[in-house]
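Below you'll find the structure, written out as structure tokens, and then a few comments.
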Amino acid sequence: MKNPIIVFAKKQTAELQCRDIPKPGSGELLVKNHKSLISIGTETTAFIGDYPAGSTWEKDFPYPFDAGYATVGEVIEVGEGVDSSWIGTGRNDGSALPLCLCSGG
């Protein structure tokens, strides 16, 4: 099974790529996204790439990177150690899939 992904390959360049869908690992869920969006703030800024060299933007969004962290979907498979009752439940996440950016401090 393949998964279409929008990738920001370089400044102001988006590509549609297809990748194999991995099996969920221990403690993980596999979510089938029904909808995803590219945020008007964070991801649009990263796509345009109009930020200073050496900035936090440059460190947090190195090219290439997968776009679309705001998603709505359904759990279709669970990894080891995850309660199977998750299967079929809806998910509305503002977290990155598969990227998660965290602020330390």
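The values are calculated or read from the model by the stated rules, or taken from the named source; none is laboratory data. Since we're looking at a predicted model, the values are computed, not measured. A quick note on method: Cβ atoms are made from the backbone with ideal geometry, for glycine too, and the neighbour counts reach across all protein chains shown.
Numbers below:
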{"quantity": "Complete set of residues in region 59-90 that are assigned to a loop (DSSP other than H, G, I, E, B) and in contact (Cβ under 8 Å) with a residue 60 or more places away in the chain", "calculated": "Ala67, Gly68"}
{"quantity": "Region 19-32 residues that are at positive phi, paired with ones that are in a loop (DSSP other than H, G, I, E, B) and surrounded by 13 or more Cβ atoms within 10 Å (Cβ to Cβ) (beta carbon under 9 Å, 6 or more apart)", "calculated": "Gly27/Gly79; Gly27/Val82"}
{"quantity": "Complete set of residues in region 32-52 that are surrounded by 14 or more Cβ atoms within 10 Å (Cβ to Cβ) and of a type in the set (A, V, I, L, M)", "calculated": "Ile38, Ala46"}
{"quantity": "Qualifying positions in region 30-57 - aliphatic (A, V, I, L, M), in a loop (DSSP other than H, G, I, E, B) and either touching a strand residue (DSSP E or B) at 6+ places or on another chain (Cβ under 6 Å) or over 20 Å from Val72 (Cα atoms) (or both)", "calculated": "Ala53"}
{"quantity": "Residue pairs meeting the criteria (Cβ under 7 Å; at least 6 apart or on separate chains; first farther than 16 Å from Thr13 by Cα, in region 46-58; second outside any helix (DSSP H, G or I) and not small (Gly, Ala, Ser))", "calculated": "Trp57/Tyr51"}
{"quantity": "Residue in region 6-29 that is among the hydroxyl-bearing types (Ser, Thr, Tyr), at pLDDT 95 or above and in a strand (DSSP E or B) present", "calculated": "yes"}
